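The values are calculated or read from the model by the stated rules, or taken from the named source; none is laboratory data. All figures in this text were calculated on a predicted structure; none of them were measured in a lab. No Cβ is skipped: glycine too gets one built from the backbone with ideal geometry, and neighbour counts run over all protein chains shown. Quick note on the areas: whole protein, heavy atoms, side chains included, nothing else; ligands and nucleic acids left out. Shrake-Rupley method; radii C 1.70, N 1.55, O 1.52, S 1.80 Å.
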Amino acid sequence: MPAATEIAAALGLMEDVVGVSHECDFPGEANTRPRVTKCPVHDAGLSSKTIDEWVRRALRENGTIYTIDEPLLRELRPDVILTQKLCDACAVGYGTVARLAETLPGPPRVVNLEPSSLFDIFDDIRQVARECDVAERAEALVTKLSGRVEIVRERAAIAVRPRCFLMEWVDPPFCSGHWGPELVEIAGGHDPLGRKHQPSAQIGWQEVLDARPEIIVLALCGYDVDLAQRDYELLREFPGFDSMPAARAGEIYLVNASAYFARPGPRIIDSIEILAGILHPKEFPEFAPRNTHAQRVTQHHFSAS
């Protein structure tokens, strides 16, 4: 899983990483490693509705949407496999990996990463470090990341909290879950639709209209800004879209959720800073969209802001 690769890299373990998933792309060195998983819809250019339908069907019929290159994994002979139980739609399921690991030489230790909060993400960093015998590196890294969090939290504490809908999927609409609402909270906002420390969930479009969000951030799971732009064009056709305060004020933003918001690793702190710049650009000018990877939608067109 991409977050695990980033955690390993941040702990100075990249030289020991012998294989990665099909989605691992950071740091750049990850792209030089053999890929041991694949997914038929990855980079297939399908619509969000088609992807949602395919994922639901595949999970119902097969229990997974991913495949593992077993011969390659046996050849790589890992000592540790970092995997997850968090979401069957986000990475290979823990059970699949654990059963396969039992048949591999060694067998390798299987480490489950299953965060639902920012604290859990920090704990995952510590867990990976312990399993790889570099526990002291984790404490230094977590201390550094925690310091960045507290700087934002303290500066955002005095600000008025706007209603911010952190949207995880457009068709059908999904609210944010797990750490998502917490990131909004730390950055000085309130997500009236978020499910803090719980799985994200499909919601009715009327619920979004009723929440009257003042700011909407399209943090679409697995999507970069370009794909989010495509789905924004779909979203603006939803009935009543223009009636929302966020739409009337042009306070709709696109972010690279694939790299940041949906990836529970060290760069999750970047997500908090990006949100702080969106929610309170005057208080956080260094994180305003023009200085980050966010884009603001204005007049139904795109511009860097």
If the limit is 32 Å between Cα atoms, which of K85/K282; K144/K196; K85/K144 go over it?
-> K85/K282
With axes computed from alpha carbons, what is the tilt in degrees of helix 118-131 against the longest principal axis of the chain, rounded to the nearest 10 within 0 to 90?
-> 20 degrees
Enter the Cα centre distance for the pair the range 15-31 and the range 195-225, rounded to the nearest angstrom.
-> 30 Å
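Return an integer: the convex hull volume of the alpha-carbon atoms of the range 104-152, in Å³ per residue.
Working: hull volume 3.1 nm³, N = 49.
Enclosed volume per residue, from the Cα hull, is 64 Å³.
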Gain in span if fully extended, E233 to H190, counting 0.36 nm per residue against the direct Cα distance = 13.0 nm
Contact order relative to length for the range 186-305, counting C-alpha pairs under 8 Å separated by 6 or more residues, stands in percent at 25 percent
Amide N proximity, the range 1-44 versus E136 label position 7 Å along Cα-to-Cβ, cut-off under 16 Å | 11-13
Tilt of helix 225-235 relative to the longest C-alpha principal axis of the chain, in degrees (0 to 90, nearest 10)?
-> 50 degrees
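Mind putting a number on the dipole of the chain about its Cα centre? Charges go on the C-beta only, +1 for Lys and Arg and -1 for Asp and Glu, and I need it in Debye to the nearest 20.
On the way: 32 positive and 45 negative charges, 66 e Å.
The dipole of the chain has a size of about 320 debye.
Restricting to Cα pairs below 8 Å that are 6+ residues apart, what does the relative contact order work out to for the range 94-213? Please round to a whole percent. Numbers along the way, then the final one.
Numbers: 147 pairs, mean separation 24.2, N = 120.
After rounding, I find 20 percent.
Can you put W54, W169 in order of accessible area, largest first, using a 1.4 Å probe?
Details: W54 55, W169 30 Å².
Final ranking, largest accessible area leading: W54, W169.
For D79 and A201, compute 0.36 nm times the residue count separating them, minus their Cα-Cα distance, and round to one decimal in nm. Provide the component values of the computation, followed by the final result.
On the way: separation 122, 0.36 × 122 = 43.92 nm, distance 3.56 nm.
My answer for the length gained is 40.4 nm.
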Rounded to the nearest 10 Å², what accessible area does E286 show when all protein chains are kept and the probe is 1.4 Å?
-> 80 Å²
Computed curve, the range 131-276, Cα-only Debye sum without solvent term, log₁₀ I(q)/I(0) at 0.09, 0.10 Å⁻¹, is -0.29, -0.35
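Considering only DSSP states other than H, G, I, E and B, which trypsin sites (Lys or Arg not before Pro) in the range 237-302 qualify as loop sites with at most 13 other Cβ atoms within 10 Å?
Working: sites: R248, R267, K282, R290, R296; in loops: R267, K282.
Qualifying residues, ordered by number: K282.
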In Å and from the alpha-carbon atoms only, list the Rg and Dmax of the range 1-60.
-> 14.1, 39
Pseudo-spin-label distance V160 to E102, built 7 Å along Cα→Cβ, given in nm, is 5.9 nm
What the 5 Å binned alpha carbon P(r) of the range 23-156 shows, as percent of pairs per bin from 0, is 2, 8, 13, 17, 19, 16, 11, 8, 4, 1, 0
On each of the three principal axes the extent of the alpha-carbon atoms of the chain, given in whole Å and largest first, is 60, 44, 30
So how do H197, H280 rank on accessible area, 1.4 Å probe, biggest first, that is with the largest at the start?
-> H197, H280
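Just need the relative contact order of the range 1-148 here, percent rounded to a whole number, with Cα pairs under 8 Å and 6+ apart.
On the way: 182 pairs, mean separation 29.4, N = 148.
The value is 20 percent.
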Mind checking which of A294, A187, A140 has the largest fluctuation in a GNM of the chain, springs on alpha carbons under 10 Å?
-> A140
Against the longest principal axis of the chain, how steep is helix 268-279, in degrees 0 to 90 to the nearest 10, with axes from Cα atoms?
-> 0 degrees
Ignoring ligands and nucleic acids, what accessible area does K144 show with a 1.4 Å probe (Å², nearest 10)?
-> 140 Å²
Please give the solvent-accessible surface of T32 in Å², to the nearest 10, using a probe radius of 1.4 Å with every protein chain present.
-> 100 Å²
What's the extension gain from E283 to T143 if we count 0.36 nm per residue and subtract their Cα-Cα distance?
-> 48.0 nm
So what's the back-of-envelope 222 nm ellipticity for the chain, counting only DSSP H runs of four-plus at -39500 (n - 2.57) apiece and dividing by all residues, rounded to 500?
-> -11500 deg cm²/dmol
